[in-house]
1. With just the Cα atoms of the chain, tell me how far they stretch along each of the three principal axes, in Å, largest first.
2. How large is the accessible surface of Ser75 in square angstrom, using a 1.4 angstrom probe and rounding to the nearest 10?
3. Can you give the accessible area per residue of the chain, in Å², using a 1.4 Å probe?
4. Using Cα pairs closer than 8 Å and at least 6 residues apart in sequence, work out the relative contact order for region 1-156, in percent.
5. Rounding to the nearest 20 debye, state how big the charge dipole of the chain is about its Cα centre with +1 on each Lys and Arg Cβ and -1 on each Asp and Glu Cβ.
6. On a 0 to 90 degree scale, rounded to 10, what angle separates helix 167-177 from the longest Cα axis of the chain?
7. Which GluC sites (Glu not before Pro) in region 1-103 pass both tests, a DSSP loop state and at most 10 other beta-carbon atoms within 10 Å?
8. To the nearest 10 degrees, how steep is helix 190-209 against the longest Cα principal axis of the chain, on a 0 to 90 scale?
Amino acid sequence: MPELPEVESCRISIEPHLLNQKINYTIVRNVNLRRPVSKEIIDLKNQFILSIDRRAKYLLIRLTLGWIIIHFGMSGRLILLSEYIPPEKHDHIDIIMQNNILRYTDQRRFGIFLWVNDLSNNVLFNKLGLEPLSDEFNSEYLLKKLYLKKIIKQSIMDNKIVVGIGNIYANEILFSSGILPLRRSQDLNDKEVKSLVSNIKLTLLKAIKHGGTTLRNFLQSNGKPGFFANQLKVYGKFNEPCLSCGTKIIKEKHASRSSYWCPTCQV
Ligand SMILES: [Zn+2]
């Protein structure tokens, strides 16, 4: 499933090709995504792309008359084509611009392609917590929010506290911070919370730079897989020696999510 770094990497790589481009028209071959593709997107003609933003794991394309909201679901991805090539089975949407075609592919069709005239007060965003890379997301903020949840891994994965930290990154961030995933959130001291916040930002920035984790279904918009998976330190490393101390990595399942940690480096 694409996480925040994958979506941000995608945004960064398509932005220079989309900004100020005119969308001539769209081709929607299958409207049946997680929600039906908005009629406004099917009928879209002759609008300019004013900006490409992101909120949590939503990509937001601002056009002359409104916004396209894209969520990649489980397996969605965008590919930028410089010329038309015949679509394959899972290529559901083409956005035809003057110089390029933005093609949406989604094998499992859990993605979202919605139109809104106005982004404010949108139900998709109303209850979301802070962006992890924003200045507002700092240790004072996190410390206040930690009383709400019991386990630290659940807290940092809670979208109402901070958006866009999925299971892979949560494991990596806690390893970098030397904190056990199952620690009670309210037991963390100020220093640990500071370290956690700084590792959240560092890990996500590093992942964005490397194009996100390489997940089977998600390639960068230029068709190349991300490279961050090669750099994971604990996630998926059960029984392998810890890169810092050599102790074997532990794996346990909690609430159907796998947690990985080093019993020596993390306390
Ligand atoms: Zn270790």
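1. 58, 37, 30 Å, listed from the longest principal axis down.
2. Surface accessible to solvent at Ser75 totals approximately 10 Å².
3. So the chain comes to 49 Å² accessible per residue, rounded to a whole number.
4. It comes to 24 percent, rounded to a whole number.
5. Dipole size: approximately 740 debye.
6. 40 degrees
7. The qualifying sites are Glu83, Glu88.
8. Computed tilt is about 40 degrees.
The values are calculated or read from the model by the stated rules, or taken from the named source; none is laboratory data. Predicted, not measured: the structure shown is a model, and the values here were computed from it. Cβ atoms come from the backbone with ideal geometry, glycine included; neighbour counts cover every protein chain shown. For accessibility, only protein heavy atoms count, side chains too; no ligands or nucleic acids. Shrake-Rupley method; radii C 1.70, N 1.55, O 1.52, S 1.80 Å.
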